[in-house]
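The values are calculated or read from the model by the stated rules, or taken from the named source; none is laboratory data. Since the structure is predicted, the reported quantities are computational estimates derived from the model, not experimental observations. With ideal geometry, Cβ positions are generated from the backbone for all residues, glycine too; neighbour counts draw on all protein chains shown.
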There are 2 protein chains.
Amino acid sequence: MEIEFLGTGAGSPAKSRNVTSIALKLLEEINEVWLFDVGEGTQHQILKTSIRPRKVTRIFITHLHGDHLFGLPGFLSSRSFQGAQQMGTLIIYGPKGVKDFVQLSLRVSQTKLTYKIKYIEIEKTGLLVNEAQFRVYVDRLDHRIECFGYRVVENDYAGELQVERLKEEHIPAGPIYGRLKAGEKVELPDGRVIDGQDYLGEKKRGRIVTILGDTRQAPSILGLAQNADVLIHESTFGRDEAQLAFNYHHSTNMQAAKIAKQAEVKQLFLTHISARYVGVKALQLEKDAHKVFENTKLANDFDTYMVPFSHK
Amino acid sequence: MEIEFLGTGAGSPAKSRNVTSIALKLLEEINEVWLFDVGEGTQHQILKTSIRPRKVTRIFITHLHGDHLFGLPGFLSSRSFQGAQQMGTLIIYGPKGVKDFVQLSLRVSQTKLTYKIKYIEIEKTGLLVNEAQFRVYVDRLDHRIECFGYRVVENDYAGELQVERLKEEHIPAGPIYGRLKAGEKVELPDGRVIDGQDYLGEKKRGRIVTILGDTRQAPSILGLAQNADVLIHESTFGRDEAQLAFNYHHSTNMQAAKIAKQAEVKQLFLTHISARYVGVKALQLEKDAHKVFENTKLANDFDTYMVPFSHK
Ligand SMILES: [Zn+2]
Ligand SMILES: [Zn+2]
């Protein structure tokens, strides 16, 4: 599970930051990549990475502002040129309107895709995706326009079966091992009854990644971010600009840090950085937030972050 | 009058070529820039040039394929952030459908522009723009989808009034000079009658720039390109691929060169270069075409060309 920032700027592309897109690479886990927002030029950014568009199976749009959306038709079209018919259905999640926009874009350009798209326009908050290994929860944020935050939750991994110990105790390999691994109690041919639970290593807690769209501070953020391994939070404004942030329906770096602390997340990334903040001034956003929440990083285009497992 | 290639690739963005956009910079003439096609990422390309989006007053779309269109909503939005209310109406010319696409994109993203847009969806060919210094003619090409070519014609410049000669002949400066400059016959206070035409330098012929959308070879190309100072012609396929070009509704480099020769243009640019042609292979497109028409150049992103005046 790796995060790759494809665009970390606010509003319009700038020389050093493209508009928003974030890739959640689940290649080791399920051989898929999920995209969060697709600002204009996202496909250009992807060209500079190792991400293969055909691996992108789900796209989550936080809100329909152009800097989060206008790269979607182009990405979908170019994906179609790559590797023909075997691609499964791609699912697009987002606010009402995303389907109209994509469908009109494809229709007006007479683009025939080589794969199917399923649109899920979000009407109710809560559990949005419920797959074998991952769930995604969604909640509403507070922006000028309907806007969502996503909480991706990986299922816990059962502990590994301690095969060496079993062998030492002369428990013969075979179908029994499968039942023990599932945590069952098993009667052996010699009459012993053993409990799989006693032969399982430590469980690994699944990881949680929370990715928010543009937002003012709102109660829903805490629920989305609680105990996340990674929180990706916008930081359109700086330390002394809380009033501006409020007026424009955005957040400051300090607000992001505060909520990260309150939600006890492990790592905070600040993104959606305004073009007013470049070089040292951008780093200052990180420094200031750092005083409130230590594990704060300023996200830059093409930054990657392997999400570590935390000990239970 | 300068041409700047903002994107010279075909279909999808590649590392070295963005999708299509061409700027016709008329800054010295009328302090405006005209864009021809706006593929995704055009605003990103513009960031790397000296072009100021607020100077863009007219946008001509050749056809609605995504690689010529999908950068339009983003460009329009970002232009809006620059320099507020004083901007006049921006005019967008293109095939039917361009208005729906732009309007839905702006509506879904709740983008409120600081300037007005006038849409001119082309229904009939011929004279499309008729301004004081420039006219634009449009004709249909032969592509999979409705597609246009544009011929931009600059008005001729009257010859300069030869003031030194007038002074030598003791013709006093004053309102008379204005009439002479307009080519009138004037009676002087001393009774002499002189003809302004005799005191005008050589006329300068206005320049002609022809910019085509994607197309198979078609009779309309000759009319659009005849005697142009610059012809910008697609070259999606190479020397031995005429059949492929036909099948996909595109042209080869050799076809572009042939029509340039037949139309007696002064300079040919090959653009819309497939990602299959990189480095030496792309240059080969130019070399091969060169044998048919000497003044052939392969266009690359950010190439510029000052269109010279030709002697009458
Ligand atoms: Zn935004
Ligand atoms: Zn094209």
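Scoring B:Asn155 on the criteria (1) within 27 Å of the chain's Cα centre (by Cα); (2) among the polar types (S, T, N, Q); (3) over 30 Å from B:Leu212 (Cβ atoms) leaves a single failure, condition (3).
The residue of the stretch A:18-61 that is farthest from A:Glu131 (Cα to Cα), among those that are within 16 Å of ligand 1 (Cβ to nearest atom) and among the hydrophobic types (A, V, I, L, M, F, W, C), is A:Val19. The criterion of being within 23 Å of A:Ile122 (Cα to Cα) and more than 16 Å from ligand 2 (Cβ to nearest atom) does not hold for A:Phe5. Of the residues that sit in the stretch B:52-76 and are in a helix (DSSP H, G or I) and not hydrophobic (A, V, I, L, M, F, W, C), which one is farthest from ligand 2 (Cβ to nearest atom)? The residue in question is B:Arg54. Just a yes or no: is a residue in the stretch B:119-127 within 14 Å of chain A (Cβ to nearest Cβ) and touching a strand residue (DSSP E or B) at 6+ places or on another chain (Cβ under 7 Å)? So far as the stretch B:119-127 goes, yes, one or more of its residues are within 14 Å of chain A (Cβ to nearest Cβ) and touching a strand residue (DSSP E or B) at 6+ places or on another chain (Cβ under 7 Å). Inside the stretch B:28-44, residues that are within 16 Å of ligand 2 (Cβ to nearest atom) and either more than 28 Å from B:Tyr157 (Cα to Cα) or among the basic types (Lys, Arg) (or both) make up a count of 6. Scanning the stretch B:65-99 for residues that are facing another protein chain (nearest Cβ under 10 Å), away from ligand 1 (no atom under 16 Å from the Cβ) and in contact with a Lys or Arg (Cβ under 9 Å, 6 or more places away or on another chain) yields B:His65, B:Arg79, B:Gln82, B:Gly97. Scan the stretch A:6-48 for residues that are away from every other protein chain (no Cβ under 12 Å), surrounded by fewer than 19 Cβ atoms within 10 Å (Cβ to Cβ) and not in a strand (DSSP E or B) and the total you get is 5.
In the set A:Arg205, A:Arg216, A:Arg192, only one residue is away from ligand 2 (no atom under 16 Å from the Cβ), away from chain B (no Cβ under 14 Å) and at pLDDT 95 or above; that residue is A:Arg216. Say whether the condition of being in contact with a Cys (Cβ under 7 Å, 6 or more places away or on another chain) and away from ligand 2 (no atom under 16 Å from the Cβ) is met by at least one residue in the stretch A:88-99. For the stretch A:88-99, residues in contact with a Cys (Cβ under 7 Å, 6 or more places away or on another chain) and away from ligand 2 (no atom under 16 Å from the Cβ): absent. Close contacts from the stretch B:136-151, counting a first residue that is within 14 Å of another protein chain (Cβ to nearest Cβ) and a second that is part of a loop (DSSP other than H, G, I, E, B) and hydroxyl-bearing (Ser, Thr, Tyr), with Cβ to Cβ under 7 Å and a gap of 6+ residues or different chains, come to B:His143/B:Thr215; B:Cys147/B:Thr62; B:Cys147/B:Thr215. Of the strands (runs of 3 or more DSSP E) lying entirely inside the stretch A:218-312, not one contains at least 3 residues that are touching a residue at least 12 places away in the same chain (Cβ under 8 Å) and touching a His at 6+ places or on another chain (Cβ under 6 Å). The single condition among (1) within 16 Å of ligand 2 (Cβ to nearest atom); (2) at pLDDT below 95 that B:Asp240 does not satisfy is (1). Looking at the structure I just gave you, is A:Ala256 within 22 Å of the chain's Cα centre (by Cα), within 16 Å of ligand 1 (Cβ to nearest atom), within 25 Å of A:Glu2 (Cα to Cα) and modelled with pLDDT of 95 or more? Answer is yes for this residue.
Consider the stretch B:222-237 and keep the residues that are more than 16 Å from ligand 2 (Cβ to nearest atom) and not small (Gly, Ala, Ser). The one that is farthest from B:His290 (Cα to Cα) is B:Leu224. B:Met306 fulfils the conditions (1) surrounded by fewer than 15 Cβ atoms within 10 Å (Cβ to Cβ); (2) over 24 Å from the mean Cα position of the chain (by Cα) except for a single criterion, (2).
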